[in-house]
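Enquirer: Here it is: the structure, laid out below.
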Amino acid sequence: MSEIYPTYVYSEMTPNPATMKFVADRHLVDEGTIVDYLEPKEAKGSSRLAEELFNFPFVKGVFIMNNFVTVTKTDGIDWEMVKHELREFIQRHLMENKVVVQHIPEPKPVQKSNSAIENLTPSEYDEQIKQLLDEFVKPAVEGDGGAIDFKSFNQGVVTVSLRGACSGCPSSSVTLKSGIENLLKSKISAVKEVIAEEL
């Protein structure tokens, strides 16, 4: 008889109407680990849970971090029709499997349009920007089922990447401009703008 890992999962809406956060009462991956699957082939050999979630015809993205899984759905279906089925499926999988991510995939390469970022030398403000994001922004973003990563600072422009529920969220541009940009500008005079890199 296979071992059972008692796990409770509840669902939570996020600011992004296309995503739903499924929160477990145990950690699913190590602290600081973020896994973002945008298509089924990325999940293959990496996470059986993500692989199986992509078998649902309406699932188009799976994001795993800390103690939650954020699922992105297609437009043609309402959450009310599928959230209970998904919650039960995820809970059953977690009860039967202690390990959720078997293999961490390699980070996705930066898109060509942002290849200039790779050649940037670190600035004197990088550490201060990262500290502000870690302290004031990351907890709220993670609470909404997403993640934010600092990418670069160049000529007054801070570039970040948004993942999970934050990627493609209609309110993320407001959060970027009225929240994150205002915070960084108030603390660091050299910051003029914050933009999000599209993954």
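Enquirer: Out of the residues in the stretch 55-73 that are more than 14 Å from the chain's Cα centre (by Cα) and open to solvent by 50 Å² or more (accessible area, probe 1.4 Å), state the one that is nearest to CYS169 (Cα to Cα).
Expert: Top of the filtered list is PRO57.
Enquirer: Which of the residues spanning the stretch 13-40 are within 14 Å of LYS73 (Cα to Cα), surrounded by fewer than 18 Cβ atoms within 10 Å (Cβ to Cβ) and in contact with a strand residue (DSSP E or B) (Cβ under 7 Å, 6 or more places away or on another chain)?
Expert: Listed by number, the residues that qualify are MET13, LEU38.
Enquirer: Do you know which residues across the stretch 1-26 are closer than 30 Å to SER173 by Cα and outside any strand (DSSP E or B)?
Expert: Result: THR14, PRO15, ASN16, PRO17, ALA18.
Enquirer: Can you find even one residue in the stretch 75-82 that is modelled with pLDDT under 95, open to solvent by 20 Å² or more (accessible area, probe 1.4 Å) and within 27 Å of ASP149 (Cα to Cα)?
Expert: Looking through the stretch 75-82, at least one residue is modelled with pLDDT under 95, open to solvent by 20 Å² or more (accessible area, probe 1.4 Å) and within 27 Å of ASP149 (Cα to Cα).
Enquirer: Collect the residues in the stretch 40-57 that are closer than 22 Å to ILE104 by Cα and in contact (Cβ under 8 Å) with a residue 12 or more places away in the chain, keeping them in residue-number order.
Expert: The answer is PRO40, GLU42, ALA43, GLY45, SER46, SER47, ARG48, LEU49, ALA50, GLU52, LEU53, PHE54.
Enquirer: Give the number of residues within the stretch 156-188 that are farther than 16 Å from GLN131 by Cβ and out of contact with any Lys or Arg (no Cβ under 8 Å at 6 or more places or on another chain).
Expert: Final tally of qualifying residues: 19.
Enquirer: Next up: Mind counting the residues in the stretch 43-80 that are under 23 Å from LEU162 (Cα atoms), among the aromatic types (Phe, Trp, Tyr) and part of a loop (DSSP other than H, G, I, E, B)?
Expert: Counting residues in the stretch 43-80 that are under 23 Å from LEU162 (Cα atoms), among the aromatic types (Phe, Trp, Tyr) and part of a loop (DSSP other than H, G, I, E, B) gives 2.
Enquirer: Applying the selection to the stretch 146-161, what residues are part of a strand (DSSP E or B) and either without any contact (Cβ under 8 Å) to a residue 12 or more places away in the chain or open to solvent by 20 Å² or more (accessible area, probe 1.4 Å) (or both)?
Expert: If the condition is that a residue be part of a strand (DSSP E or B) and either without any contact (Cβ under 8 Å) to a residue 12 or more places away in the chain or open to solvent by 20 Å² or more (accessible area, probe 1.4 Å) (or both), then ASP149, PHE150, LYS151, PHE153, ASN154, VAL157 are the ones that fit.
The values are calculated or read from the model by the stated rules, or taken from the named source; none is laboratory data. Remember, it's a predicted structure, so these values are computed and weren't measured experimentally. Using ideal geometry, Cβ is built from the backbone for each residue, glycine included, and neighbour counts are taken over all protein chains shown. Heads up: the accessible areas ignore ligands, DNA and RNA and are worked out on the full protein's heavy atoms, side chains in. Shrake-Rupley method; radii C 1.70, N 1.55, O 1.52, S 1.80 Å.
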